[in-house]
Amino acid sequence: MTARVTFLPDDRSVDVRAGTTLLDASRRARVQVRTRCGGKAACLMCKVIVEDSSGLGPPNQNERLKLGGLQEQGYRLACQAKVTGDVTVTLPEDPLKAAIRKQMERQQEED
C-alpha cells in the first residue's frame, strides 16, 4: 500500500510505502527536515506538526517520552512517525530564521 505525504509550506508531495518514516519521506520529497542524531530520536530537531494524524501510526514509547506535552499540540518526530495513510505535514519555521524575521519586523516598526 502506498500513501501520499504532503509537506507544507513547500507544498511538495511524495508517494511512499506504509511504514516509511516522515523523515525518510521528506528526503524522497527533497524537503529538508533538520536532524542531528541521524533519526534516533535523540536531538528533537525533527519535530513537525501534523493536524490530522490519522495517516500516521501511533507514537511509540520513545517518541511519547521525548515529546511530552508537545504531542497534544500536534507535534510528531519525523524520525519516529510512520506513515499509514495520506497525511499532510507542516514544517515549523527554522528557529534562526524566525529570530532574524522577528528582529527585522521590530526594526521596521521602529523606522
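The values are calculated or read from the model by the stated rules, or taken from the named source; none is laboratory data. From a predicted model like this one, the values you see are computed outputs, not experimental measurements. In this analysis, Cβ positions are derived from the backbone assuming ideal geometry, glycine residues included, and neighbour counts consider all displayed protein chains. All accessible areas refer to the heavy atoms of the entire protein, side chains included, with ligands and DNA or RNA removed. Shrake-Rupley method; radii C 1.70, N 1.55, O 1.52, S 1.80 Å.
Taken over segment 61-111, the criterion of being part of a strand (DSSP E or B), farther than 15 Å from E51 by Cβ and open to solvent by 40 Å² or more (accessible area, probe 1.4 Å) is satisfied by K82 alone.
A residue that is surrounded by 12 or more Cβ atoms within 10 Å (Cβ to Cβ), in a loop (DSSP other than H, G, I, E, B), without any contact (Cβ under 8 Å) to a residue 60 or more places away in the chain and not β-branched (V, I, T) can be found somewhere in segment 7-29. Taken over segment 71-86, residues that are closer than 12 Å to S26 by Cβ and in contact (Cβ under 8 Å) with a residue 60 or more places away in the chain amount to 2. Residue check: G39 meets all listed conditions (1) modelled with pLDDT of 95 or more; (2) open to solvent by less than 50 Å² (accessible area, probe 1.4 Å); (3) not hydrophobic (A, V, I, L, M, F, W, C) but one, namely (1). Of the residues contained in segment 33-44, none is found to be closer than 18 Å to T88 by Cβ and of a type in the set (S, T, N, Q).
Of the residues making up segment 42-60, those that are of a type in the set (A, V, I, L, M, F, W, C), in a loop (DSSP other than H, G, I, E, B) and under 18 Å from E72 (Cα atoms) are L44, M45, C46, V50.
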